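The values are calculated or read from the model by the stated rules, or taken from the named source; none is laboratory data. Since the model is a prediction, treat every value here as computed from it, not as a measurement. Here the Cβ is made from the backbone with ideal geometry for all residues, glycine too, and neighbour counts use every protein chain on show.
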Amino acid sequence: MRLTAIVGDLRKALAEEVRAGERAASRAVRAETDALKTELRGQVTGSFGGKARGIANAWRSMIFPRTGQSLRPAGLVFTKVPNVIDAFERGALIRAKGGGKFLAIPTGFNAARGRRGRGGKGMRVTPAQMVASGQAFLRPFKSGRGFVWCLPLRQGAATGRRRRTRLIAGGVAEVGTANRKGREAWARGLLEQGMVPMFLLLPQVKLAKRLDVRGASLRALRRLPRRFVAAWEAEAGRSG
């Protein structure tokens, strides 16, 4: 226990101590809230890589009160994509909705701008368009757990300065071949098979638990008292 003698106006000294506590509490909560947000963003990029930066940055934070200092501040860390975070926090089992037998999972070939999925959002071909084309066909997995939903592939005219081959999936969508050396070989392989996989059909998907939101929150709560004490010491001008 530390005893401190107060010289001067007691009320003024106590008021200043309260103001120091308010500044310390607000400072500690703000710092720990930011630390928790940073940790949760790091969990996402660490588990899913740089391509998940949008999901990582969907973690946001707020401090209350919004202005001024308080002895009872609060920090809130939340995500703008709660369903995605919850699924990978729990390791959710996903099944088809509405009594459907299969989930239709788009492959890289069905991405908005070719196999790598760069550029605009959305799918190049929807399940409804697959059915409407009248050309879609199934190839079963060796395991028997599902199917690959394909469109027939044909070669179109060469285009561009490098004369890249245009590949047309079922007359519905063009499949890019990217650079000549790497993708021409890939394109030839697809032509030999005569098909392009647009969707994977699976009865259900079990997501791996890849996030630990609760654990990160508990660690932040355990750190907060130490951070608060250190901040109060600093605000009051005392050494540890």
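The figures follow:
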item	result
Odd one out for A92 among (1) surrounded by 12 or more Cβ atoms within 10 Å (Cβ to Cβ); (2) modelled with pLDDT of 90 or more; (3) more than 14 Å from R214 (Cα to Cα)	(2)
Test: residue in the range 67-83 that is in a helix (DSSP H, G or I), farther than 28 Å from R27 by Cα and assigned by TED's automatic domain parsing to the domain that holds A31	yes
Out of A187, A236, sole residue that is modelled with pLDDT under 80, closer than 22 Å to R124 by Cβ and of a type in the set (G, A, S)	A187
Condition check for A13: part of a helix (DSSP H, G or I), farther than 30 Å from K209 by Cβ and free of Cβ contacts under 8 Å to residues at least 24 places away in the same chain	yes
Single residue of the range 6-60 satisfying the filter (surrounded by fewer than 19 Cβ atoms within 10 Å (Cβ to Cβ) and hydroxyl-bearing (S, T, Y)) that is farthest from G237 (Cα to Cα)	S47
